[in-house]
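Worksheet: the structure to be examined is printed underneath.
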Amino acid sequence: MKAHEIDYEIHGEEMQYVEIELDPQEGVIAEAGSFMMMETGIKMDTIFGDGSENDRGFMGKIFGAGKRLLTGESLFMTAFYNELNGKKKVSFASPYPGKIIPIDLTQFHGKFVCQKDAFLCAAKGVSVGIEFSRKLGRGLFGGEGFIMQKLEGDGMAFVHAGGTTAVKHLAAGEQLKVDTGCIIGFSKEVNYDIEFVGGIKNTIFGGEGLFFATLTGPGTVFIQSLPFSRLANRVLALAPREGGKSRGEGSILGGIGDLLDGDNKY
């Protein structure tokens, strides 16, 4: 195996964290901000590149970091290495309520495509980059969730999802239509595209956005019930306005009352 062979245990129910056991000289890479705790003897190192064992040359590091920059992520990741003789543990936490999903890349033929903010951590040697699309419309109209990342290699990777996770195994030619934000990731065999929600009533009054994703099998698809963006939008919608006034949650009038009061700025 090119990637380090790590052991792990996932703890918790709704606010999970993954505890990774590192043998001597083993390492794990993680996104900034996901670190929770570690035992003495583990060294932290900031790496510039995509996390794989192939980014050791200067140009390889530049190319790997550039792929991450295109997804809106930081140029840098953090690596954790066990420098002592015995086994040591390091833990990483999910940033919001949901589940941590272990992805054994050997079971996905070396590649898993996921949301740009779904990646949590992975064994050193796994490459984290952008999934380029041949269809420009996916990037222009896909909205949240369709600037996709790809995890490549033969090691373990971990992604996190909001709410409850659904796993769908699609047969050849079988299709599934999904809100773009609800996609966690899918196997590399799945064909994905963006489809316009037709009908003027759907466009204006539907409230579900103008586009959704069409996923075509064969392959496996992971779906989340509560994308963080959806949760954040609901919180912002109910947050008090300037001056301490609430937005009228629970009221039948709700937003209509906001439009009719004398303090609105619209």
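The values are calculated or read from the model by the stated rules, or taken from the named source; none is laboratory data. On a predicted model such as this, the values are computed, not experimentally measured, just so you know. Reconstructed Cβ throughout: ideal geometry from the backbone, glycine too, with neighbour counts over all protein chains shown. Note: areas computed on protein heavy atoms with side chains; ligands, DNA, RNA excluded. Shrake-Rupley method; radii C 1.70, N 1.55, O 1.52, S 1.80 Å.
Applying the Karplus relation 6.51 cos²θ - 1.76 cosθ + 1.60 with θ = phi - 60° to the range 153-169 yields 3J(HN,Hα) values of x, 10, x, 8, 10, 10, 10, 10, 9, x, x, 9, 9, 10, 10, 10, 9 Hz, where x marks Gly and Pro. Accessible surface comparison of H169, H11, probe 1.4 Å, protein chains only, largest first: the order is H169, H11. If R0 equals 35 Å, the separation of the Cβ atoms of K188 and S225 corresponds to a calculated FRET efficiency of about 0.90.
Accessible area of T46 (1.4 Å probe, protein heavy atoms only, ligands and nucleic acids ignored): about 90 Å².
Between Y96 and A171, the FRET efficiency estimated from the beta carbon spacing at R0 = 51 angstrom works out to 0.95. Placing F212, F158 in order of accessible area, with the largest value first and a 1.4 Å probe, yields F212, F158. Taking a threshold of 24 Å on the Cα-Cα distance, which of the pairs K88/K124; K43/K188; K124/K168; K2/K168; K124/K188; K89/K111 fall above it? Distance filter (> 24 Å) returns K43/K188; K124/K168; K2/K168; K89/K111. Remark: the L84-E21 segment gains 21.4 nm on full extension, using 0.36 nm per residue and subtracting the alpha carbon distance. Here each label is just a point 7 Å from Cα along the line to Cβ, and for D7 and M36 those points are 1.8 nm apart.
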